[in-house]
Amino acid sequence: MDEKGVRKFRPEGDLYIWGSFIIALILGVFKLHFLSVVFLVITLFMVNFFRDPERVIVYDPTLVLSPADGRVIKVERKEDGWLISIFMSIFDCHVNRAPVTGVVKKIEGHGKGFKPAFDRDATHNVAKTTYIEAWFGTVKMTQITGIIARRILLWVKEGSRVEAGDRIGMIMFGSRVDLFIPGDWEVFVREKMKVKAGETILGRILR
């Protein structure tokens with residue numbers, strides 16, 4: 001925990017972190033040192049994966065924030081808005097945050113298969129789309145599984161009100177988030193840029 005008593009790691013990771021650590025200790029007791037080191041490395045990986053750092057969030061209704069940590073792999077102008085795709089490697093923080101302030105109108109599960117999240121066909125993977133009704137329209141945030149990621153967690157439900165930057169879910173392990181924002185925007189990011197959830201400003205709406 002930090003000085004304010006806030007956990008810096010997701011509780012969903014407790015089983016993975018403590019489980020691999022205990023196995024490492026048991027292997028060490030039985031002098032299986034190589035395997036013990038392997039599980040210590042796994043423990044460190046789990047600690048890194050389930051980290052949940054605080055973020056400096058800018059509260060401005062004209063801005064849209066990044067919903068995920070990772071690298072931008074697509075910035076595409078659509079007829080009625082913008083599509084921005086962010087790929088999260090297994091080394092990125094996987095806590096997803098609300099890109100805007102609004103009300104969750106619908107949560108929809110769809111797709112099948114588990115292709116690499118950076119693949120063009122990954123849009124057909126198992127995924128969940130959260131529809132957030134903001135003051136300027138409906139924002140669609142799609143959490144997409146990958147070849148390693150097989151589990152999507154959501155901590156909001158239909159009818160929930162979210163503030164920009166709120167923690168709303170995560171994907172385990174390695175994945176992608178597609179964000180559709182309706183309307184005309186000045187987009188600040190480009191492909192290959194690194195972004196941080198809740199902290200990186202993706203764009204500003206044009207009035």
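Results, tabulated for the structure shown:
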quantity: Some residue of region 193-202 being assigned by TED's automatic domain parsing to the domain that holds Val104, touching a residue at least 60 places away in the same chain (Cβ under 8 Å), of a type in the set (S, T, N, Q) and in a loop (DSSP other than H, G, I, E, B); calculated: yes
quantity: Enumeration of residues in region 135-186 that are in contact (Cβ under 8 Å) with a residue 60 or more places away in the chain and of a type in the set (Val, Ile, Thr); calculated: Val139, Val162, Ile168, Ile171, Val177, Ile181
quantity: Residues within region 33-81 that are part of a loop (DSSP other than H, G, I, E, B) and within 15 Å of the chain's Cα centre (by Cα), tallied; calculated: 9
quantity: Which listed residue is within 16 Å of the chain's Cα centre (by Cα) and on the phi > 0 side of the Ramachandran plot, from Gly159, Gly165, Gly137, Gly183; calculated: Gly165
quantity: Subset of region 92-103 that is hydrophobic (A, V, I, L, M, F, W, C), modelled with pLDDT of 95 or more and under 17 Å from the mean Cα position of the chain (by Cα) - its residue that is surrounded by the fewest Cβ atoms within 10 Å (Cβ to Cβ); calculated: Val100
quantity: Pick from region 144-202, criterion crowded, with 17+ Cβ neighbours inside 10 Å and basic (Lys, Arg), ranking: modelled with the lowest pLDDT; calculated: Arg176
quantity: Selection count, region 82-91, where residues are surrounded by fewer than 19 Cβ atoms within 10 Å (Cβ to Cβ) and part of a strand (DSSP E or B); calculated: 1
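Yes/no per residue for (1) buried (at least 16 other Cβ atoms within 10 Å of the Cβ); (2) within 22 Å of Gly198 (Cβ to Cβ); (3) touching a strand residue (DSSP E or B) at 6+ places or on another chain (Cβ under 6 Å); (4) in contact (Cβ under 8 Å) with a residue 24 or more places away in the chain:
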position	(1), (2), (3), (4)
Arg10	yes, yes, no, yes
Ile17	yes, no, no, yes
Ile26	no, no, no, no
Leu32	no, no, no, no
Val37	no, no, no, no
Val47	yes, yes, no, yes
Val58	no, yes, no, yes
Gly70	yes, yes, yes, yes
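The values are calculated or read from the model by the stated rules, or taken from the named source; none is laboratory data. Please read these numbers as outputs of a predicted model, since none were measured by experiment. No Cβ is skipped: glycine too gets one built from the backbone with ideal geometry, and neighbour counts run over all protein chains shown.
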